[in-house]
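All of the numbers you see were taken from the coordinates with simple rules; none came from a lab. This one's a predicted model, so the numbers in the text were calculated from it and none came from an experiment.
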Amino acid sequence: MIPTGTAGGVTNPQSGRCLDAYGAATANGTLVQLYQCNTSGAQKWARR
């Protein structure tokens, strides 16, 4: 779990892939996908 107020990646333990915002978009309703982990901004998530 990502602590409140910080950012980090979310990895699926079964596939080894990371949660990724499609096209690195930030708008509400952006599609998400499991994608090869690459530490890009599209794979950084924050808990508020």
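Compute the relative contact order of the chain as a whole-number percentage, counting only Cα pairs closer than 8 Å that sit 6 or more residues apart in sequence. Please list the in-between numbers first.
Numbers: 77 pairs, mean separation 22.9, N = 48.
For the chain, the relative contact order is 48 percent.
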Base-10 log of normalised Debye intensity for the chain (one unit scatterer per alpha-carbon) at q = 0.32 Å⁻¹: -1.21
Note, ³J(HN,Hα) from phi for segment 29-44, Karplus 6.51, -1.76, 1.60, rounded to Hz, x at Gly and Pro: x, 4, 6, 10, 8, 8, 9, 3, 5, 8, 6, 6, x, 5, 10, 9
Residues whose placed amide H lies under 5 Å from that of Arg17, excluding near-sequence neighbours: Asn12
